Amino acid sequence: MVLFMKNALRMTTHPVRPATVRDAKAIARVHASVTQALLRDVLMMDKLSGPSIEERQAYWREAIEYSEPQVQVAIEGETMVGFVGFDRSRDKGTPSTTGELWALCVLPEHGQQGIGTALWDAAHDGLKDEGCTKVTVWVPLRDERALRFFEHNGFKRETNSLRLVSAGSAKMEEIRLRRDLL
């Protein structure tokens with residue numbers, strides 16, 4: 001199946017659609033799986049306590065119900081393999097025309113298949129529809145794979161934006177990346 005996005009130059013073989021409340025549990029599972037892979041592969045930690053599947057499910061259910069953030073999901077066959085959450089930037093002092101990718105997650109075993117790009121394309125179009133002219137994303141500084149993905153898609157690092165965030169009981173550095181929405 002080929003989906004054509006608003007921009008005729010963009011197309012993908014991975015169906016992406018708006019999330020429904022029924023998707024909240026699958027989104028929570030994808031989110032937990034991606035978080036654990038990040039902790040294991042990037043932060044070199046075994047397992048970190050964090051939100052349970054039920055807590056994540058409640059968060060994503062509410063996000064979907066109130067469209068804050070807007071959520072799109074990628075499906076392969078009958079299985080959800082990734083999702084993206086996007087909305088206006090949560091960073092203080094940013095103009096209302098700046099959007100933010102709140103989350104972009106693809107199951108590790110489905111990496112390198114264009115799913116992340118399909119999700120980014122959906123978020124890009126959604127943010128443009130909302131009147132955004134720029135978009136930002138916060139990425140763990142040690143997550144070279146995510147940094148490469150976003151830089152390949154036109155994002156640039158804001159070197160003065162480093163921040164320390166909690167990841168359960170651990171701390172990690174994140175950097176903000178930014179790009180114009182064309």
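The values are calculated or read from the model by the stated rules, or taken from the named source; none is laboratory data. It should be emphasised that the depicted structure is a prediction, and the values quoted were computed from it without experimental measurement. Every residue, glycine among them, receives a Cβ derived from its backbone with ideal geometry; neighbour counts consider all protein chains shown.
Annotations for the structure displayed:
- Every residue from region 85-133 that is of a type in the set (Ser, Thr, Tyr), outside any helix (DSSP H, G or I) and under 15 Å from the mean Cα position of the chain (by Cα): SER89
- Restricted to region 64-84, and to residues there that are touching a residue at least 24 places away in the same chain (Cβ under 8 Å) and outside any strand (DSSP E or B), the residue that is farthest from the chain's Cα centre (by Cα) is GLU65.
- Number of positions in region 83-116 that are surrounded by fewer than 24 Cβ atoms within 10 Å (Cβ to Cβ), closer than 16 Å to HIS14 by Cα and in contact with a Pro (Cβ under 9 Å, 6 or more places away or on another chain): 0
- Residue selected from region 45-63 under the condition of a type in the set (A, V, I, L, M, F, W, C) and surrounded by 14 or more Cβ atoms within 10 Å (Cβ to Cβ), by the criterion modelled with the lowest pLDDT: LEU48
- Figure legend. Inter-residue proximity from region 12-35: first residues over 20 Å from GLY111 (Cα atoms), second residues exposed (fewer than 15 other Cβ atoms within 10 Å of the Cβ), beta-carbon distance below 7 Å, spacing 6+ or different chains. Indicated pairs: VAL21/GLU65.
- Just one of the listed residues (GLY82, GLY131) is closer than 19 Å to ASN153 by Cβ and at pLDDT 95 or above, and it is GLY82.
- From GLU151, GLU174, residue being touching a Leu at 6+ places or on another chain (Cβ under 9 Å), of a type in the set (Asp, Glu) and not in a strand (DSSP E or B): GLU151
- Residue within region 70-83 that is of a type in the set (Ser, Thr, Tyr) and within 23 Å of GLN36 (Cα to Cα) present: yes
- Residue ID - surrounded by the most Cβ atoms within 10 Å (Cβ to Cβ), chosen from residues in region 64-82 that are farther than 17 Å from VAL21 by Cβ and touching a helix residue (DSSP H, G or I) at 6+ places or on another chain (Cβ under 6 Å): ALA74
- Scanning region 117-162 for residues that are closer than 20 Å to THR98 by Cα and among the acidic types (Asp, Glu), we see that the one that is surrounded by the fewest Cβ atoms within 10 Å (Cβ to Cβ) is ASP129.
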